[in-house]
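All remarks here apply to the structure that follows.
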Amino acid sequence: MTDVTRKDFDEVMIPCYNPMAVIPVRGQGARVWDQQDNEYIDFAGGIAVSCLGHCHPIMVEALSEQANKLWHLSNVMTNEPALRLGKKLVQLSFADKVFFANSGAEANEAALKLARRYAADEFGSQKSKIIAFNQGFHGRTFFTVTVGGQAAYSDGFGPKPGDIEHIPYNDIEAFKAAISDETCAVMMEPLQGEGGIISPQPEFAQTVRELCDKHNALLIFDEVQTGNGRTGDFYAYQGLGVTPDILSTAKSLGGGFPIGAMLTTDKLAQHFKVGTHGSTYGGNPLACAVAEAVVNHISQPEVLQGVKDREAIFRAELERINAKYPMFAEFRGKGLLLGAELNDNWKGRARDVLVAAGEEGLLVLVAGANVVRFTPSLVITTEEITQGLKRFEAAVAKLYNA
Ligand SMILES: Cc1ncc(COP(=O)(O)O)c(C=O)c1O
């Protein structure tokens, strides 16, 4: 029996969200069902989190097994799932060391603090400047939201963390003008997600790396959205050919169970000594057990190749739909982090597309007012993609012919 409704949200929840009217109650694969048992195909994936879809047997088994063994210890003791996951992440990346957190924002907070501490220890307190990018998104703690590139999100909370400069993404000249020996770190997404699905130009990423090296500045890649197979490489930096000094990951890492991690080198890691930073829940056995199962699955070459194959299906079908109902200027992104930018006639109406899709039984996301975003399960079936895109076509047709 349904004893709570969307109306209750307005009554008891702090109104910093405006959730859709539907309340999903169960999910399987890339499908969810709401309180009235209406079925939806899920191209949103919990904002690039549900990388194995809903209730994947691998995750259910890992969680159930760990739930019967050990839930929590805190950081006064280590645990087997955390150690196994840490070793796996090191093996899969440039990193030598891992710090576990509970979210993307916390992983980024750790990354920024590590960069500041390293610079202060090695070069002195004047080396504190952080360069970040307009429209970038790094989380909602006060430090990370200030490093994020939308002042509207960080305004109105009193004095902000200082020494943070924002410049346009992909602007090599602006970057050259901004960086100096006083730059402590550069924080960037190796494909901007929330900011509208913007890929970095390879020469831009290369220049950022070279100038960071020249000025002893650390390069932090925020792979919270791009990591864990989302772009078809395990981490997006591997496809870009530019290696950061610090990498943050979350979202798909736990496939729906909250976990984040910061990865870095031995050289930097030693600047976090006992007590410098920490978390009660970071490295929690339940979270790490699920993440271990997710990572073991996602990192297989055939799964990563599957992401690229699915991207091709999405792109071909979206082009076909757009030829019939020309509403989009461009399809962009990589792997299963895809954006459909509305053309001038439809500017600002991404939310209308989201609502229309919902009415056809399809869940999609937006990335700003002009971009419809797709971040489905990385193992979504061809049949689910085809059926979901049929619903998308119906939604687009309805808007186009209205
Ligand atoms: C690139 C990026 N960094 C950080 C975050 C924040 O992650 P969380 O919401 O888990 O704190 C997000 C969330 O959308 C993100 O896309």
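The values are calculated or read from the model by the stated rules, or taken from the named source; none is laboratory data. This is a predicted model, so every value here is computed, not measured. Note that we place each Cβ from the backbone using ideal geometry, even for glycine, and neighbour counts take in every protein chain shown.
Restricting the range 92-113 to residues that are assigned to a strand (DSSP E or B) and farther than 20 Å from PRO190 by Cα, which is farthest from the ligand (Cβ to nearest atom)?
Ranking the qualifying residues of the range 92-113, first place goes to LYS97.
Taking TYR325 as the residue in question, decide whether it is among the aromatic types (Phe, Trp, Tyr) and touching a Phe, Trp or Tyr at 6+ places or on another chain (Cβ under 6 Å).
Working: among the aromatic types (Phe, Trp, Tyr): yes; touching a Phe, Trp or Tyr at 6+ places or on another chain (Cβ under 6 Å): yes.
When the stated conditions are applied, TYR325 passes them.
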Exercise. Which residues, taken from the range 124-146, are within 13 Å of the ligand (Cβ to nearest atom), more than 16 Å from the chain's Cα centre (by Cα) and among the aliphatic types (A, V, I, L, M)?
Worked result: ALA132
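Return the only residue of GLY156, GLY162, GLY149, GLY136 being farther than 19 Å from ALA110 by Cα, at pLDDT 95 or above and assigned by the TED database to the domain that holds ASP222.
Being farther than 19 Å from ALA110 by Cα, at pLDDT 95 or above and assigned by the TED database to the domain that holds ASP222 holds for just one of GLY156, GLY162, GLY149, GLY136, which is GLY156.
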Problem set entry | ARG84 being among the charged types (D, E, K, R) and either under 30 Å from ALA395 (Cα atoms) or within 16 Å of the ligand (Cβ to nearest atom) (or both) | no
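Out of GLY260, GLY282, GLY256, which single residue is at positive phi and assigned by the TED database to the domain that holds SER74? Walk me through it before giving the result.
Details: GLY260 fails: at positive phi; GLY282 fails: at positive phi.
Only one candidate qualifies: GLY256.
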Exercise. Within the set of pairs 6 or more residues apart or between chains, which connect a residue that is not assigned by the TED database to the domain that holds TYR281 inside the range 88-109 to a residue that is more than 16 Å from the ligand (Cβ to nearest atom) with Cβ atoms less than 7 Å apart?
Worked result: none
Seminar exercise, completed: Pairing a residue in the range 194-211 that is at positive phi with any residue that is away from the ligand (no atom under 16 Å from the Cβ) and of a type in the set (S, T, N, Q), where Cβ atoms lie under 9 Å and the two sit 6 or more apart in sequence or on different chains, gives GLY196/ASN370
Exercise. Does SER125 meet the test of being in contact with a Lys or Arg (Cβ under 7 Å, 6 or more places away or on another chain) and either assigned by the TED database to the domain that holds THR249 or of a type in the set (D, E, K, R) (or both)?
Worked result: no
For this session: Among the residues of the range 114-158, count how many are of a type in the set (S, T, N, Q) and in a helix (DSSP H, G or I).
Result: 3
For this session: Out of PHE221, PHE204, PHE175, report the one residue that is of a type in the set (Phe, Trp, Tyr), in the same structural domain as ARG84 (by the TED database) and within 16 Å of the ligand (Cβ to nearest atom).
Result: PHE221
For this session: Could you tell me whether the range 24-37 includes any residue that is at pLDDT below 95 and not acidic (Asp, Glu)?
Result: no
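This table checks each residue for (1) within 16 Å of the ligand (Cβ to nearest atom); (2) closer than 28 Å to GLU330 by Cα.
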| position | (1), (2) |
| --- | --- |
| MET188 | yes, yes |
| LEU191 | yes, yes |
| GLY195 | yes, yes |
| PRO200 | yes, yes |
| CYS212 | no, no |
| GLY232 | no, yes |
| VAL242 | no, yes |
| ILE246 | yes, no |
| LYS251 | yes, yes |
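Would you mind finding the one in ALA293, ALA269, ALA236 that is buried (at least 22 other Cβ atoms within 10 Å of the Cβ) and either within 16 Å of the ligand (Cβ to nearest atom) or closer than 26 Å to LEU211 by Cα (or both)?
Values: ALA293 fails: either within 16 Å of the ligand (Cβ to nearest atom) or closer than 26 Å to LEU211 by Cα (or both); ALA269 fails: buried (at least 22 other Cβ atoms within 10 Å of the Cβ).
Being buried (at least 22 other Cβ atoms within 10 Å of the Cβ) and either within 16 Å of the ligand (Cβ to nearest atom) or closer than 26 Å to LEU211 by Cα (or both) holds for just one of ALA293, ALA269, ALA236, which is ALA236.
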